[in-house]
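The values are calculated or read from the model by the stated rules, or taken from the named source; none is laboratory data. Remember, predicted model here, so these are calculated numbers, not experimental data. Cβ placement follows ideal geometry from the backbone for every residue including glycine, while neighbour counts extend to all protein chains displayed. Only protein heavy atoms, including side chains, enter the accessible area calculation; ligands, DNA and RNA are left aside. Shrake-Rupley method; radii C 1.70, N 1.55, O 1.52, S 1.80 Å.
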Amino acid sequence: MDDTPKGGTLARQAAMLCELPVFGLYLDQRRRWRQGLSPAQLPDGTHTPDDAADALRHACGIESRAELDHNDQAAAMYKRIAADFNRWKRRAVL
């Protein structure tokens, strides 16, 4: 029997979020700000959907997005990331 947790609503939302090119731009800008990098050092479009998924899993402390539906701390972090992204998106000039 497979004990691997199955993904639900949050896992699906996270997968869709990571596929958005604008989420990759958000991650690019956030990383530049955190690491003091210039756009020349980390250009827009650097974060691919796979990079975004890796960043999300790392930030949430999980190995699979399916864990978001079974780990309250990871779910709370994902929701914070999604809220921060949505706030950034409303302010950003794209």
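Looking at the structure I just gave you, is residue 12 open to solvent by 80 Å² or more (accessible area, probe 1.4 Å) and either under 15 Å from residue 85 (Cβ atoms) or touching an Asp or Glu at 6+ places or on another chain (Cβ under 8 Å) (or both)? For residue 12, the condition - open to solvent by 80 Å² or more (accessible area, probe 1.4 Å) and either under 15 Å from residue 85 (Cβ atoms) or touching an Asp or Glu at 6+ places or on another chain (Cβ under 8 Å) (or both) - is not met.
Listed by first and then second residue, the pairs linking a residue in the range 54-76 that is within 25 Å of residue 28 (Cβ to Cβ) and touching a residue at least 24 places away in the same chain (Cβ under 8 Å) to a residue that is surrounded by 16 or more Cβ atoms within 10 Å (Cβ to Cβ) and aromatic (Phe, Trp, Tyr), with Cβ atoms under 6 Å apart and 6 or more places separating them unless they lie on different chains, are 68/78. Of all residues in the range 59-90, those satisfying the criterion of being among the small types (Gly, Ala, Ser), out of contact with any Gly (no Cβ under 9 Å at 6 or more places or on another chain) and either under 19 Å from residue 21 (Cβ atoms) or surrounded by 11 or more Cβ atoms within 10 Å (Cβ to Cβ) (or both) are 59, 61, 75, 76, 82. Among the residues making up the range 16-28, those that are buried (at least 17 other Cβ atoms within 10 Å of the Cβ) and either at pLDDT below 95 or under 22 Å from residue 68 (Cβ atoms) (or both) are 17, 18, 23, 24, 26, 27. Criterion first (modelled with pLDDT of 95 or more and either surrounded by 15 or more Cβ atoms within 10 Å (Cβ to Cβ) or more than 16 Å from residue 82 (Cβ to Cβ) (or both)) does residue 56 satisfy it? Yes, satisfied.
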